[in-house]
Amino acid sequence: MKYLALIYSAPDAGPQPDTPEFGPYMGVWQSITDTYTKDGVLVAGEALQPVETATSIRIRDGKTELTDGPFAETKEQLGGFYMFDCDTLDDAIKYAKMIPTTEHGTVELRPIMSFD
Amino acid sequence: MKPTTDPVHVAIEYTLRQDRGRLIAALVAAIGNFELAEECLQDAAEVALKDWAKNGIPKSRRGWLLQVARRRAVDQFRRQKRLGQWRPQLEQMAQEDEMDANAMPPDIADKRLELIFTCCHPALDTKSRVALTLRTIGGLTTREIARAFLDKETTMGQRLSRARTKITVSGIAFAVPGPDMWAERLQSVLSVIYLIFNEGYSASSGDAAIRADLCEEAIYLARLLDQLRGDEPEIIGLLSLMLTTHARRAGRQSDAGATIGLADQDRELWDGVMVKEGLEQLDRAMALGQAGPYQIKAAISALHASAKTAGHTDWRQIVLLYGRLFHFEPTAVVRLNRAVAMAEAGDVSVALAEIGKLAPDLQGYQPLHAARAEYLARTGKTVAAIAAYDKAIKQTGNVSDREFLQARRAKLMH
């Protein structure tokens, strides 16, 4: 089964660039990505540019509306994702728990819908 | 279904009540789909209604229902062309069923332990875990569960249905957790069972008869868990705790329905046989030499249940046990209970000081104010005691508890 781990956090939460904690923090991302690859569960994984760079699109009555920034105003923002291929939810949870954002933000795990 | 004396009806209802957990467990194990398992068992029961009336009640009712339900599942999968990953297993099942059509159905492998862990998976919300466990393993009807929780039957039905769908769609494994997750997942199962028990015991709301049933149901679940997975000290500890608590139920309420405090209960009304079993289970758990919070709570409850009179209670030992419990559950509530035990052991002023320290954390916790009122009254601080009783009374939702506190308060007034 495939799972999408959506990684949310507030921009000012967690280790910030130019602090002593930031280097080791980035090291954790590298090491978990290595673990996912080694265990053969990694389908995809990316970090996203901040929400200030987002463009939201809505078409209503045939008219396209573009909005600068995210559609919804929330404190925690989507910052990146991993897609895992695991046998069970417990396995996916095991890998999602390694994401360092779990300590200051939220990781939402969603099963990918299968159409076969 | 209306109550009936029709033997076919009775046989089906009895089988479903007795064996529901086993049947659902076997079906989920075979087809990997909780929702479909429920539907197919329901269908099988309807088929049985006609078939058994015509052809007689089969020898293995459980086996009969399972076989028909499995055939339904295969039909459904075929119709929806959704065999997917279950294809090989289902086709084999269909073949077996063809061959066995006239033979006596084989007995069913017991997969209830897997089912319990699935129903209590921490990815489901707590209320859904409780409801699903009662419905699936306990065999309560949706209506009974709804009544116990003061929900509408349709609301409870939707909750159950959502939970089953989540189990299937999110890939919650139908499995007994391995050693790396065992302790954590067992905690979730035990807390679900204890929640069911407390829902029955604390009588915060709802129907009295259903509430006693919930206590019995929780005890049944703990026994089943113990039977499926022997020698697990915390399972046995929980069983012991519930037995020695439930044994005291008859002494806990006056004829008028008011709650009677432990000190004033008629101990003759306690169920001696159940106390004895609770104590034996505690010995069994402790002999395994691995302490845990449920065993400590069971030991505390056992000290109450085995004291000849309230005056014989070994409060010093209870103080020590709450101290140990605090290592497992470092909460203000445990500290409050320890303070109460200290007061009962004679250190009332030390206890009152401790309760005072806990007050900021437990402002909204009725037992804190009730305990504070009691010990203020004992030390002659009547005015402060009355104020504390007022706070406690204001926070009590349960009528009989409120009457109990009001009676204590009234005693101080003259």
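No lab work stands behind these numbers, since they all come straight from the coordinates. Being a predicted model, the structure only gives us computed values, none of them experimental. Backbone-built Cβ (ideal geometry, glycine too); neighbour counts: all protein chains shown.
When Rg and Dmax are taken over the Cα atoms of chain A, they come to 16.3, 52 Å.
Counted over region B:139-250 with a bin width of 10 Å, the fraction of Cα pairs per bin, in whole percents, is 13, 37, 36, 14, 0. Region A:34-83 and region B:246-288 have Cα centres separated by 58 Å.
Set against the 2.2 N^0.38 Å expectation for a compact globular protein, region B:313-414 has a Cα radius of gyration ratio of 1.06. Ranking B:H369, B:Q317, B:A299 by how far each Cα lies toward the positive end of the dipole of region B:262-414 (charges on Cβ) leaves B:H369 at the top. Spin-label model, B:Q363 to A:V43: label points 7 Å out along the Cα-to-beta-carbon direction sit 4.8 nm apart. Bridgeable aspartates and glutamates around B:K394 (alpha carbons under 13 Å apart, same-chain partners fewer than 8 residues away excluded): B:E403. Diagonalising the gyration tensor over the Cα atoms of region B:151-203 and scaling each eigenvalue by 5 before taking the square root yields semi-axes of 24, 21, 5 Å, largest first. Were the residues from A:R58 through A:D34 laid out at 0.36 nm apart, the gain over their Cα-Cα distance would be 4.9 nm.
Using only alpha-carbon positions, what ratio does the radius of gyration of the protein assembly as shown give when scaled by 2.2 N^0.38 Å?
1.17
Summarising the overall dimensions of chain B from its C-alpha atoms, the Rg and Dmax are 25.0, 84 angstrom. Each label point was placed 7 Å from the Cα along the Cα-to-Cβ direction; for B:Q187 and B:D110 their separation is 2.8 nm. Peptide packing for B:272-283, B:108-119 was compared via the average number of neighbouring C-beta atoms within 10 Å per residue; ordered from the highest value, the list is B:108-119, B:272-283. Cβ crowding within 10 Å, taken as a proxy for footprinting-reagent exposure, orders B:S301, A:S114, B:S240 from fewest neighbours to most as A:S114, B:S301, B:S240.
Taking the three principal axes of the alpha carbon atoms in region A:1-62, the coordinate ranges are 49, 36, 13 Å, sorted in descending order.
Rounded to the nearest 500, the 222 nm mean residue ellipticity of chain B from helices alone is -23500 deg cm²/dmol, with -39,500 (n - 2.57) taken per DSSP H run of at least 4 residues. Bridging of A:K38 to lysines at a Cα separation below 27 Å is possible for A:K2, A:K94, A:K97, once same-chain residues fewer than 8 apart are set aside. Note on B:R143 and A:T106: the model spin-label points, each 7 Å out from Cα along the C-beta direction, lie 3.9 nm apart. Rounded to the nearest 20, the Cβ-based charge dipole of chain B about its Cα centre (Lys and Arg +1, Asp and Glu -1) stands at 880 debye. Of all aspartates and glutamates in the structure, those lying under 15 Å Cα to Cα from B:K276, and not within fewer than 8 positions of it along the same chain, are B:E268. Please name whichever of A:Y25, A:A54, A:G40 sits farthest to the positive end of the charge dipole of region A:1-80, dipole taken about the Cα centre and charges placed at Cβ: Lys and Arg +1, Asp and Glu -1. Checked the options; the winner is A:G40.
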